[in-house]
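J.: Before I ask anything, let me first share the structure, which is written out below as structure tokens.
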Amino acid sequence: MTAPSNLVSLRITEEDMMMLDARIGLDGARNRSDVIRQAIQQFLNGQPLVQGMDSIRIPLGHGDKRALGLLYELQGTTPEIAAQEGLSLYIANAVKASAEQNKQLEDLLATAKESTMRHEEYHE
């Protein structure tokens, strides 16, 4: 038996109403109310636990969703953990690439300065 619920009135645009109607029948939603309840649950469950933190949503294709499901079954790795590890790897690689690029630019600048600056042996 479902828990008692409160009736809430909501004004939305015709475009949003059409988008809601398009979701009916997907993910077990039988009507607009189901779609709205699912959206509210996704919103509330997706909020960070600590104030000042942000959360992101990542659209997944069928293949990625299937692979993450298999990974969860095999290793217990949740999609959130996989996304966090992927983000950490991405940031580490970006920092490393940026440091390497900065080093190359500094080396090029030093070489250019060396070739264009007057040397002491040419001065009297």
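J.: If I filter segment 69-83 for residues that are loosely packed, with under 10 Cβ neighbours inside 10 Å, at pLDDT below 90 and part of a loop (DSSP other than H, G, I, E, B), do I get at least one hit?
T.: no
J.: In segment 1-34, which residues are of a type in the set (A, V, I, L, M) and part of a loop (DSSP other than H, G, I, E, B)? Please lay out each step first, then the result.
T.: Applying the first criterion (of a type in the set (A, V, I, L, M)) to segment 1-34 yields 1, 3, 7-8, 10, 12, 17-20, 22, 24, 26, 29.
Hits for segment 1-34 are M1, A3, L7, V8, L10, I12, I24, L26, A29.
J.: How many residues does segment 5-39 contain that are exposed (fewer than 11 other Cβ atoms within 10 Å of the Cβ) and under 21 Å from R57 (Cα atoms)?
T.: Of the residues in that region, 4 qualify.
The values are calculated or read from the model by the stated rules, or taken from the named source; none is laboratory data. Just so it is clear, the structure is predicted and the values come from calculations on it, not from any experiment. Using ideal geometry, Cβ is built from the backbone for each residue, glycine included, and neighbour counts are taken over all protein chains shown.
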